[in-house]
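S.K.: Okay, handing you the structure first.
The values are calculated or read from the model by the stated rules, or taken from the named source; none is laboratory data. Given the structure is predicted, the values throughout are model-derived calculations rather than measurements. Please note: Cβ atoms are built from the backbone with ideal geometry, for glycine as well, and neighbour counts cover all protein chains shown.
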Amino acid sequence: MNFIEIIQDPLTSLPISYTGSFRKMLREKFSSFGEMIDKSPFLCGHLNNRPFDAPRFLSRNKALREGILDTIDIYYKGNPSGAYNRLKKTFEETNMNGFMDKQHQLESGTNLFRLRTSDDNYPLSREQLFHIPFELRSRVSTQRYSIPGLPSLYTANSIYVAWEELKRPTFSSIHANRLVNNYTVSLLDLTTDIFTRNEQYMDLDHCGLELLYKLTLWPLIAACSVKVQHPYDPFKPEYIIPQLLLQWINKTNVAGIKYSSTHIDLSQAAHEGTFYNIVFPVLTFDKESGYCHSLTNLFKSTEILPFQLRQFIMQSDRLEHQESISRLVNRDIQTISLIKNTPQPYSSTIFGLVEHNLKGLELDDIKS
């Protein structure tokens, strides 16, 4: 098989749903992936007009798979610090550190979105839709990229993705805001679109660097893209690698992790566009209250717009000073299909309308 056939194979499709043992599932997935690439005599021709180094790719990928599995085994033995050290050693041995430094950049002025549920029709403050303040860190529960007690700022590239991440709360309870980054930052790109939307990849002679990057990192991306089997259990094995990875990110020059939602399966949904989250870990560790200085310096925020209040103050698609909504309200998303075989332009959905209204609100600083 070649690179294009591999990303089109059902084995590499992400996110992963499973039943039974998490460790057993991941071992079997990694074993099958290893067999698939090891038995492929021609993976790729050239990369940027240079011969493809197949032995290096295979050895690096094997070491990454083994390191991730070892990391999980060590964690299961009750040794989280040992698990982190094993993952860190794996990255060093495979030069993942240098390889992953060639990451995606979040250009300054990018629109990101946050949602929170509340039964109150009075808008929350900007700070209430930022990360959980340090004085309330006891409320920080385990999340995919967050350990208990350590806040992180989770954002989405659309109101729709943020809504899916909250497991589709009722619209009347949603409060939304828009965040915009003041300067360009680097991200680790773990998005999975290439494994579900790959019809555009046709050229076997000159595989792009994106293919090499994503297939080299497939074991890591896969380990971070497993749907939670028991969402109400305190321990979620699906979060082991993502949480350790965020700790590693904290010691690099990477500002955050860009990743695809496990609640949106593009192989099943007839959506058109790109759908992703970005998590930004806090970088301030000596404060007992307030918010991370680094993150408040990075972002400006709009006022908060409750969905219910929006219905009360306007019947049109716009605020008084705004032009009518454009079909390009979100350049990442063209259509979404929440009802089977019924795709709708994103601009005609409540998600698009709220994003348009948020773009009509002024940006201001977030108090740290």
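Conditions (1) in a loop (DSSP other than H, G, I, E, B); (2) modelled with pLDDT of 90 or more, marked per residue:
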site	(1), (2)
Glu238	no, yes
Gln247	no, yes
Ile264	yes, no
Ala269	yes, no
Val279	no, yes
Tyr291	yes, yes
Arg318	yes, no
Glu323	yes, no
Gly352	no, yes
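S.K.: For Lys251, only one of the following conditions fails: (1) in contact with a strand residue (DSSP E or B) (Cβ under 9 Å, 6 or more places away or on another chain); (2) free of Cβ contacts under 8 Å to residues at least 24 places away in the same chain. What is its number?
M.R.: With (1) in contact with a strand residue (DSSP E or B) (Cβ under 9 Å, 6 or more places away or on another chain); (2) free of Cβ contacts under 8 Å to residues at least 24 places away in the same chain applied to Lys251, the lone miss is (1).
Residue-by-condition table, conditions (1) surrounded by 15 or more Cβ atoms within 10 Å (Cβ to Cβ); (2) in a helix (DSSP H, G or I); (3) under 23 Å from the mean Cα position of the chain (by Cα); (4) at negative phi:
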{"residue": "Tyr18", "(1), (2), (3), (4)": "yes, no, yes, yes"}
{"residue": "Phe30", "(1), (2), (3), (4)": "yes, yes, yes, yes"}
{"residue": "Met36", "(1), (2), (3), (4)": "yes, yes, no, yes"}
{"residue": "Phe57", "(1), (2), (3), (4)": "yes, yes, no, yes"}
{"residue": "Arg60", "(1), (2), (3), (4)": "yes, yes, no, yes"}
{"residue": "Arg65", "(1), (2), (3), (4)": "yes, yes, yes, yes"}
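S.K.: Could you give every pair whose Cβ atoms fall below 8 Å, whose first residue belongs to region 17-43 and is over 25 Å from Ile264 (Cβ atoms) and assigned by TED's automatic domain parsing to the domain that holds Ser267, and whose second residue is among the hydroxyl-bearing types (Ser, Thr, Tyr) and surrounded by 12 or more Cβ atoms within 10 Å (Cβ to Cβ), counting only separations of at least 6 or pairs across chains?
M.R.: Note: pairs meeting the criteria are Arg23/Tyr76.
S.K.: Looking at region 297-306, which of its residues are crowded, with 21+ Cβ neighbours inside 10 Å and in a helix (DSSP H, G or I)?
M.R.: Selection gives Leu298 alone.
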